[in-house]
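These notes are about the structure you will find just below.
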Amino acid sequence: MSFTAFYKRNLGFYKLAIASNLEYRLNFFMDAMLQPSITSIVEMVLWMAIFKGAQATTIGGFEQNYYLAYALWATFIARATVNWTYEFKMIEEIDQGTINGLLVRPMNYYEYYLSQLLGYKSITTGFSLLFPVVIILSTQLPTDWSRFPAAMLLVFYYLFFVYSISFCIASLAFFFNKVNSLTVTKNLAMWLLTGELFPLDLMPEAIRKVFLLMPFSSGVYVPVGFLTGRIGWDALWQGFISVTLGILFFSVLGALLWRKGMKAYVGTGA
Amino acid sequence: MLVQVLKKYGGIFWAITKASAIAEIEFRLNFVMKIINDIFWYAAQIFTFEVLFRHTNLIGDWNLQQTRVFLGVLFIVDAFYMTFIQENLDRFSEKVRKGELDLLLTKPVNSQFMITFARISVSCIGNLIIASSWFIWSLSQLPDFNWTKALWIFLLVPAGFSVMYGIRFSIAALAVVFVRVDSMQYVWYQIYRLGMRPDSIYMPWLKFILLTIIPVGLIASVPARAVLDPPEFWVIAWSVTAGPLIVWFSTWFWKQCLLRYQSSSS
């Protein structure tokens, strides 16, 4: 298989995701902009109330502005690193047998949705990040712009990790009917483990250490903490390493589940 | 006449509940995971506030014990929502697109009733037990709590639930006119999110909006406040009035939407 063919094919999938997501513009606007904007506003208001109640200038060693910046970025980065849509699609296809139509094509099922996920995330993230960028620039909330590319690189890299987990969950649909609930469980767990709810440094020390060692923290806490000056380069590198290990683990698991699943799968009637 | 109508709809409701239970238990893994998911969601909400209160004594004007009561009320209302409404209204837009609404409209039953209770999430009934247990436990943690105040819940939780239902149904009804309104679902969850935090954290103007124009503050904050603080009778009166009013509006709005309905399946 030549690299050119591989590249062209995946670029096609990538563009397909962008086109299909831009098809319904109102939907796209709500998804990419309105939803995270409201969430971030609610979270910022909550932090203001916390500081008012605490009657302190710092919490956990950081001033209010650091928490506002964290709440703002975290909401948007969390939206960028979560996968619902394509995971549900994959599960449904396996569950209903419509995957047959894709299996007979000269392509790899894994790359088909990976490229689409990357396309979808590129367009929504690129558009939605305009909101925090404008707010940060106009309010001077703490953000180190020189760290922005490295933080975004980790976010992008983390997508491969998220997709590896999605692929594992979708592969379980070969063995069980209706595994959609697993997607919800996984995303709820990640909601907590990534640091979307609050900065992980507010947790008791022992729990915080465990959370930071896991790759999930690279979904929100590490890139946002790095961008807003809560953590340094060492934590970022640690993030890259743990995400790499996570990708390796879930890729191997996904490959095993897929192989076993394909043997067990009987695609009749679709 | 009224008894006959109640009997008819009670019978339908019971039949739906039985059918839903059978359908859900069929997929056991899914059933168990749904229960685990809800426990996760509760745990995440509780954990968030427990961690935040390690760093402050007050959020808005409530301390940790009072915020736990607020969460208890929120969990109870949410449990009702998850059990009876969530799945049905979340999938309503898809049903319209696939033309399933046509079949429903031809049945000799109230269409709003059928859409609202098309399927009962039996797995979520456990949520009610968890939510009520948490609520009672949180009240027991309040020093010198007058338990008669807890009776407000029986009036204000149904009122809050009605508000929640009325707003959610009205948003879902838009699918009849616009067909693809998945994005409106996102809007609903963001509006609801505003009600998932104590109303006292908001600025006075925003709090006023959340109690009147978009009254999601009535869902959990007002019932919790009635239990915790000296009752503000105008707020309670408004809450009790707003619930039926919004449900009535949702029915009127549904009828208006149906007038503009163009069958998708034909």
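The values are calculated or read from the model by the stated rules, or taken from the named source; none is laboratory data. Since the model is a prediction, treat every value here as computed from it, not as a measurement. Please note: Cβ atoms are built from the backbone with ideal geometry, for glycine as well, and neighbour counts cover all protein chains shown.
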inquiry  = Tell me the residue from B:Ser239, B:Ser170, B:Ser200 that is within 19 Å of B:Ile76 (Cα to Cα) and touching a residue at least 60 places away in the same chain (Cβ under 8 Å), please.
reply    = B:Ser239
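Of these, A:Leu202, A:Leu188, A:Leu182, A:Leu172, which one is of a type outside the set (Asp, Glu) and closer than 25 Å to A:Trp237 by Cβ? It would help to see each step written out before you state the result.
Working: A:Leu188 fails: closer than 25 Å to A:Trp237 by Cβ; A:Leu182 fails: closer than 25 Å to A:Trp237 by Cβ; A:Leu172 fails: closer than 25 Å to A:Trp237 by Cβ.
Criteria check complete, one pass: A:Leu202.
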note = Given (1) part of a helix (DSSP H, G or I); (2) more than 10 Å from every other protein chain (Cβ to nearest Cβ), A:Ser37 misses just (2)
task = Report those helices (runs of 4 or more DSSP H) wholly inside region A:159-268 carrying at least 1 residues which are away from every other protein chain (no Cβ under 12 Å).
result = A:205-213, A:221-227, A:233-264
inquiry  = Can you confirm whether B:Val247 is in a helix (DSSP H, G or I), touching a residue at least 60 places away in the same chain (Cβ under 8 Å), among the β-branched types (Val, Ile, Thr) and farther than 30 Å from B:Thr106 by Cβ?
reply    = no
inquiry  = If B:Glu26 satisfies all but one of (1) within 12 Å of chain A (Cβ to nearest Cβ); (2) under 30 Å from A:Ala56 (Cα atoms), what's the number of the condition it fails?
reply    = (2)
query = Filtering region A:40-66 down to residues that are in a helix (DSSP H, G or I) and more than 10 Å from chain B (Cβ to nearest Cβ), which residue is nearest to A:Phe226 (Cα to Cα)?
reply = A:Tyr66
Odd one out for A:Lys15 among (1) surrounded by fewer than 18 Cβ atoms within 10 Å (Cβ to Cβ); (2) under 20 Å from the mean Cα position of the chain (by Cα); (3) within 14 Å of another protein chain (Cβ to nearest Cβ) = (3)
note = Among A:Leu154, A:Leu192, A:Leu197, the single one that is within 17 Å of the chain's Cα centre (by Cα), modelled with pLDDT of 95 or more and surrounded by 18 or more Cβ atoms within 10 Å (Cβ to Cβ) is A:Leu154
ask   = So which of A:Phe76, A:Phe88 is of a type in the set (A, V, I, L, M, F, W, C) and surrounded by fewer than 21 Cβ atoms within 10 Å (Cβ to Cβ)?
value = A:Phe88
ask   = Hey, B:Gln66 hits all of (1) at pLDDT below 90; (2) within 14 Å of chain A (Cβ to nearest Cβ); (3) over 27 Å from A:Thr194 (Cα atoms) but one; which does it fall short on?
value = (1)
message = So the check is Cβ under 8 Å with 6+ separation or different chains; which pairs have a first residue in region B:49-60 that's within 7 Å of chain A (Cβ to nearest Cβ) and surrounded by fewer than 20 Cβ atoms within 10 Å (Cβ to Cβ) and a second one that's among the aromatic types (Phe, Trp, Tyr) and not in a strand (DSSP E or B)?
response = B:Val51/A:Phe198; B:Thr56/A:Phe51
task = Return the residue satisfying two criteria in turn: it lies in region B:217-244 and is touching a helix residue (DSSP H, G or I) at 6+ places or on another chain (Cβ under 8 Å) and part of a loop (DSSP other than H, G, I, E, B), and of such residues it is nearest to B:Leu89 (Cα to Cα).
result = B:Ile219
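In this structure, does B:Ile85 turn out to be out of contact with any Cys (no Cβ under 9 Å at 6 or more places or on another chain) and not polar (S, T, N, Q)? Even if it seems obvious, please write down each step before you answer.
Details: out of contact with any Cys (no Cβ under 9 Å at 6 or more places or on another chain): yes; not polar (S, T, N, Q): yes.
Criteria met by B:Ile85.
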ask   = Within region B:110-122, which residues are among the small types (Gly, Ala, Ser) and either part of a helix (DSSP H, G or I) or under 15 Å from the mean Cα position of the chain (by Cα) (or both)?
value = B:Ser111, B:Ser121
note = All conditions in (1) more than 14 Å from chain A (Cβ to nearest Cβ); (2) among the β-branched types (Val, Ile, Thr); (3) crowded, with 21+ Cβ neighbours inside 10 Å are true of B:Ile201 except (1)
task = Would you mind finding the one in A:Thr81, A:Thr39, A:Thr124, A:Thr57 that is polar (S, T, N, Q), touching a residue at least 12 places away in the same chain (Cβ under 8 Å) and over 29 Å from A:Ser171 (Cα atoms)?
result = A:Thr39
task = Could you tell me whether B:Leu101 is at pLDDT below 90, away from chain A (no Cβ under 14 Å) and surrounded by 16 or more Cβ atoms within 10 Å (Cβ to Cβ)?
result = yes
message = Could you list, ordered by first residue, the pairs with Cβ atoms under 8 Å in which the first is in region A:1-28 and modelled with pLDDT under 90 and the second is of a type in the set (Phe, Trp, Tyr) and surrounded by 13 or more Cβ atoms within 10 Å (Cβ to Cβ), at least 6 apart or interchain?
response = A:Asn21/A:Phe28; A:Asn21/A:Tyr120; A:Leu22/A:Phe28; A:Phe28/A:Phe127
